[in-house]
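Asks: What follows is a structure written as C-alpha cells; I'll ask about it next.
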Amino acid sequence: MTPNDFRRIALSLPGTEESSHMGAADFRVGGRIFATLASQKQGYGNLMLTLEQQSAFVEELPEVFLPIKGGWGRKGMTHICLASANEDLLTGALRVAWQLRVGKNNKSTSTKYAPAKHATTKSITIKHPTTKHIAKKRPVKK
C-alpha cells in the first residue's frame, strides 16, 4: 500500500474530510482526527486507536503495526507499515480508527455519522490472509 492508497481508503469512509495538522495530511470525521499521514516519509500511516486496540494489532501483526514512539504512542497512536499492509488490512484498520472517532463524537455531541451497522456488534475483526484474526471485545453502545 502507498500513502495515496491510505488517503483513498480513508476518504471513502462516510463523512471523512482531509485536512492538515502541523503540515501533514490528516483525516477527520466530525472535525476530529482519526488518522494521519504524518509519518509517510518513513513509510507509515498513523491511526488513533485505544491502547487495547493498539496492543491487539501489534501482538497479532508486529511486522505491520507498531506504537508511535513517545507520549503519542502511549495514548494509542499507532503506525501501520504501508508496504507490509494489503488493501483489506488497511481498510479494516482505518475503519476501526474511524469507528472509534465516530463513537467518541457521538458521546460528546450529536452527529449524523453513526457507526456502520456492523460496528454495533460485540467485536471488531480485522482479517489478514496470512494470519489469524484480530478481535477486540467492546461493549455495545446503543
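Quick note: the coordinates plus some simple rules give every number you see, no bench work behind them. All figures in this text were calculated on a predicted structure; none of them were measured in a lab. Here Cβ is always computed from backbone atoms with ideal geometry, including for glycine, and neighbour counts include all displayed protein chains.
Asks: How far apart, in nm, are the 7 Å Cα→Cβ label points at Leu11 and Glu60?
Replies: With each label point 7 Å from Cα toward Cβ, the separation is 2.8 nm.
Asks: Measuring from label point to label point, each 7 Å out along Cα→Cβ, what is the Leu51 to Ser19 span in nm?
Replies: Between Leu51 and Ser19, the label points sit 2.7 nm apart.
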